[in-house]
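The values are calculated or read from the model by the stated rules, or taken from the named source; none is laboratory data. On a predicted model such as this, the values are computed, not experimentally measured, just so you know. Virtual Cβ from ideal backbone geometry, glycine too; neighbours counted across all protein chains shown. Accessible surface is based on the protein model in full, side chains and every heavy atom, while ligands, DNA and RNA are left aside. Shrake-Rupley method; radii C 1.70, N 1.55, O 1.52, S 1.80 Å.
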Amino acid sequence: MAKAMSTVGRTRHPLAASGSAETEAAAPISFPLRDARSLSATLVAHFAEHVARCGTLPGDALRGEVTTVTRTCLELAAGVLEGRDVSAKIERLQRAGADWAREGIPIGTIHRAVHDGFALGFDLIVDATGPEDYARLAVTARRLFEVLAMVDSAFAVAYVREHRAVVAEHHTAVHTVASALLAGHPTSTMARAGGIEIDESYYILALSIPAHPGESDPRVDGEVVARRKLRRIQSELASRCEGRALSLLSADGGTVLLPAGATTVAQLDELVAGLSTAAQVSITATVIHAETQRIPDAADQAHELLDMVHRLECAPGLHRFDELAMEYQLTRPGPGREYLGTLLDPLDEYPELLETLRRHIGNDLSRRHTARLLGVHTNTVDNRLKRIGQLTGFDPAQPSGLWYLRSALVARSYRKAERVRIGRPEHMVASSAMR
């Protein structure tokens, strides 16, 4: 084939041998590219033999779309060299690029074929020129680089647009199926339409995503920082779960559904840690396992558990229901919760004691960690815990006393929230609940 290309290259226009300006004008340096039809067939044969992916295409594709696009590239190159309008040619290349992107042909294969074609085409021009054409050849080489950039850009734009369209389509399908599962609506039809398989059961994660430090930086756009944080989280989620996760997320948090059949318990902790790393903030999450038909109730439960974790000021990370079942039950309305909520009333006049208790429990009873967060000595933490025991009658150093204090802390946070919600004094809420 190289011999054939060489023969084509040496077939010079009969007027090209003349050195007059008129003759040069009559025989443009792009003349070897003029026979686009036969030249495109030669180039496509080269692609089929030397460009790996092209060799796997069916014959009708090579003879049809590939040949047509190759001819379009040749016509575009000749048009640019001769100063003609080539906008229609570029649009044609973008349409072809979109089709090939949908068919799954790698863009690297396209670029390889384009660059091979340009190299061979330039060889033809070089072979068809003499010493008197070298000045024009230098200008032509620069123009061909411009043409190459046009063609590469046309295909790149088409591939990016198609990729965005596919991603948007998949995102819409995921959003639709996730919303339907969380609402308890039938999902079979929409899941099939979106190419999403529905598992028999799921791990339902409720996520709380704190603000990135950059969101409060007056020198930058906080919304942009938040969107970038969310994109990093979504990318990490897609990468770790290989597209199986169904999520409804905002920059502040949301819900993630992970098919239990493809997820292990150990992977859940790794996932939350990975999402925190990607977000560059410490994410807090809770998880509930439930059968698919129970997802709506389980999601509500997961978010209630997440709210409780925040009220207790627990450390970021993943929290499971079985670890906090007792605390969760204390959040249920009733006289027991109201009674427990009053046990910490003696600390109202000592906010530093209440804060120490909250931090101590939230830090898994680590005196050193609590002291570091409060900026005090560990002896100060010990003294405050003793004072709490004296005021409330429950010693936080004893298991039974700590149980009551922890329970009281949970119940108190919900009693305050209930008081704010209904707008009544605290003692009236408590007394009416005890009746």
- [ ] Specify which residue in the list G243, P259, A299 is farthest towards the positive end of the charge dipole of region 165-306, using unit charges on the beta carbon of Lys, Arg (+1) and Asp, Glu (-1), about the Cα centre.
- [x] G243
TODO: Kindly state, to the nearest 0.05, the FRET efficiency for R161 paired with V376, given R0 = 35 Å and r defined as their beta-carbon distance.
DONE: 0.05
Task: Heavy-atom accessible surface of region 127-278: percent carbon and sulfur, 1.4 Å - done: 56 percent
Task: Accessible surface of T140 - all protein chains present, 1.4 Å probe, nearest 10 Å² - done: 10 Å²
Open item on the list: How much accessible area per residue does region 89-168 have, counting only protein heavy atoms and a probe of 1.4 Å, in square angstrom?
Closed with: 52 Å²
Task: Solvent-accessible heavy-atom area per residue, rounded to whole Å², over region 278-388 at 1.4 Å - done: 48 Å²
- [ ] Could you order peptides 376-383, 302-309, 148-155, 216-223 by the average number of other Cβ atoms within 10 Å of their residues, highest first?
- [x] 302-309, 148-155, 376-383, 216-223
Task: Accessible surface of region 319-397, 1.4 Å probe, proportion on carbon and sulfur as whole % - done: 49 percent
- [ ] Please give the length that would be gained between A325 and Q293 if that part of the chain were fully extended, namely 0.36 nm times their separation in residues minus their C-alpha to C-alpha distance (nm, one decimal).
- [x] 9.3 nm
